[in-house]
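J.: Got a structure here, written out as C-alpha cells. Questions coming.
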Amino acid sequence: QVQLVESGGGLVQAGGSLRLSCVASRIIWSITGMGWYRQAPGKQRELVARITTGGSTNYADSVKGRFTISRDNAKNTVYLQMNSLKPEDTALYYCNVASTRSDYWGQGTQVTVSS
C-alpha cells in the first residue's frame, strides 16, 4: 500500500518561509496530478496548489505569488515552497496524489504562523 509522508511543517513568524515535502513510499503509476491541501480548525479542507503530470499548475487565489508547487518524479516527491507566510496560512497541510486508479493522502503536517 502506498504511503505519503509529509515533512517540513512547523512554527514560523509572519513573513517567514517554509518548504513542505511529500514522499511516496513507492512508485505510483498513472498519476494525473499531485497537490497540497490544507484544513484550518473549523473550516473545510481546501486546495492550496496542484501540479499535473504535464507541469501545469494552479493555486488558490489566497496563495498566488507566495507559494510554489514543484515535483521530482525521480524521487516520487512533491514540494510546496511557502514564502511571505501569513497567520491565515495556519492549518494542517495534506499531500495528495491522484492517479487513474486511486487517490492517495498523507497524514498531514502542521503549519503555524504567528503574528
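The values are calculated or read from the model by the stated rules, or taken from the named source; none is laboratory data. A quick note: this is a predicted structure, and the numbers were derived from the prediction, not measured. Counting neighbours? That spans all protein chains shown, and the Cβs are built from the backbone with ideal geometry, glycine included. Surface accessibility is based on the protein's heavy atoms, side chains included, excluding ligands, DNA and RNA. Shrake-Rupley method; radii C 1.70, N 1.55, O 1.52, S 1.80 Å.
J.: Could you count how many residues in segment 51-70 are surrounded by fewer than 20 Cβ atoms within 10 Å (Cβ to Cβ) and outside any loop (DSSP other than H, G, I, E, B)? Give the derivation first.
T.: So in segment 51-70, the residues surrounded by fewer than 20 Cβ atoms within 10 Å (Cβ to Cβ) come out as 52-62, 64-66, 68, 70.
Still in the list and also outside any loop (DSSP other than H, G, I, E, B): 52, 57-59, 68, 70.
The total comes to 6.
J.: A further question follows. Can you tell me which residues in segment 75-104 are β-branched (Val, Ile, Thr), assigned to a loop (DSSP other than H, G, I, E, B) and touching a residue at least 60 places away in the same chain (Cβ under 8 Å)?
T.: If we filter segment 75-104 for residues that are β-branched (Val, Ile, Thr), which is where we start, we get 77-78, 90, 97, 100.
Right, trim to assigned to a loop (DSSP other than H, G, I, E, B) and you get 90, 100.
Within segment 75-104, 100 is the sole residue that qualifies.
J.: Related question: Being part of a loop (DSSP other than H, G, I, E, B) and within 16 Å of residue 93 (Cα to Cα) is the requirement here; does residue 42 meet it? Lay out the reasoning, then the answer.
T.: Values: part of a loop (DSSP other than H, G, I, E, B): yes; within 16 Å of residue 93 (Cα to Cα): yes.
In short, yes.
J.: Mind counting the residues in segment 101-115 that are open to solvent by 80 Å² or more (accessible area, probe 1.4 Å) and not polar (S, T, N, Q)?
T.: Within segment 101-115, the first condition is being open to solvent by 80 Å² or more (accessible area, probe 1.4 Å), and the residues that meet it are 101, 103, 105, 107, 110, 115.
If we keep only those that are not polar (S, T, N, Q) as well, we get 101, 103, 105.
Residues meeting the conditions: 3.
J.: Scan segment 105-115 for residues that are within 23 Å of residue 25 (Cβ to Cβ) and part of a strand (DSSP E or B) and jot them down. Working first, answer last.
T.: Applying the first criterion (within 23 Å of residue 25 (Cβ to Cβ)) to segment 105-115 yields 105-111.
Residues satisfying the conditions are 105, 106, 109, 110, 111.
J.: Further question: On the given criteria, is residue 46 free of Cβ contacts under 8 Å to residues at least 60 places away in the same chain and either acidic (Asp, Glu) or touching a Gly at 6+ places or on another chain (Cβ under 7 Å) (or both)?
T.: Values: free of Cβ contacts under 8 Å to residues at least 60 places away in the same chain: yes; either acidic (Asp, Glu) or touching a Gly at 6+ places or on another chain (Cβ under 7 Å) (or both): yes.
Answer is yes for this residue.
J.: Sticking with this structure for a sec: So which residues in segment 38-50 are under 14 Å from residue 96 (Cα atoms), open to solvent by 50 Å² or more (accessible area, probe 1.4 Å) and not basic (Lys, Arg), if there are any at all? Lay out the reasoning, then the answer.
T.: The initial filter retains those residues of segment 38-50 that are under 14 Å from residue 96 (Cα atoms), namely 38-39, 45-50.
After this cut, where a residue has to be open to solvent by 50 Å² or more (accessible area, probe 1.4 Å) as well, the list is 39, 45-47, 50.
Of everything in segment 38-50, those that are under 14 Å from residue 96 (Cα atoms), open to solvent by 50 Å² or more (accessible area, probe 1.4 Å) and not basic (Lys, Arg) turn out to be 39, 46, 47.
J.: Just wondering, is there one or more residues in segment 83-91 that are in contact with a strand residue (DSSP E or B) (Cβ under 8 Å, 6 or more places away or on another chain), within 14 Å of residue 19 (Cα to Cα), surrounded by fewer than 20 Cβ atoms within 10 Å (Cβ to Cβ) and modelled with pLDDT under 95?
T.: Looking for residues that are in contact with a strand residue (DSSP E or B) (Cβ under 8 Å, 6 or more places away or on another chain), within 14 Å of residue 19 (Cα to Cα), surrounded by fewer than 20 Cβ atoms within 10 Å (Cβ to Cβ) and modelled with pLDDT under 95, one finds none in segment 83-91, hence no.
J.: Now a separate question. Considering only residues of segment 93-115 that are of a type in the set (A, V, I, L, M) and closer than 10 Å to residue 10 by Cα, which is nearest to the chain's Cα centre (by Cα)?
T.: Initially, segment 93-115 is screened for residues of a type in the set (A, V, I, L, M), giving 97-98, 111, 113.
Cutting the leftovers down to closer than 10 Å to residue 10 by Cα gives us 111, 113.
Values: 111: 11, 113: 16 Å.
Here the answer is 111.
J.: Is segment 64-78 home to any residue that is touching a strand residue (DSSP E or B) at 6+ places or on another chain (Cβ under 6 Å), within 14 Å of residue 17 (Cβ to Cβ) and not aliphatic (A, V, I, L, M)? Give the derivation first.
T.: Step one: of segment 64-78, the residues touching a strand residue (DSSP E or B) at 6+ places or on another chain (Cβ under 6 Å) are 67-71, 76-78.
Within this subset, residues satisfying the condition of being within 14 Å of residue 17 (Cβ to Cβ) are 67-68.
Then drop every residue that is not not aliphatic (A, V, I, L, M), which leaves 67-68.
Yes, there is a match, as at least one residue in segment 64-78 is touching a strand residue (DSSP E or B) at 6+ places or on another chain (Cβ under 6 Å), within 14 Å of residue 17 (Cβ to Cβ) and not aliphatic (A, V, I, L, M).
J.: Still on this structure, please answer the following. Is there any pair with a first residue in segment 1-30 that is open to solvent by 70 Å² or more (accessible area, probe 1.4 Å) and a second that is at pLDDT 95 or above and in a loop (DSSP other than H, G, I, E, B) whose Cβ atoms are under 6 Å apart and which are 6 or more apart or on different chains, and what are they?
T.: As it stands, the answer is 19/8, since those pairs meet every condition given.
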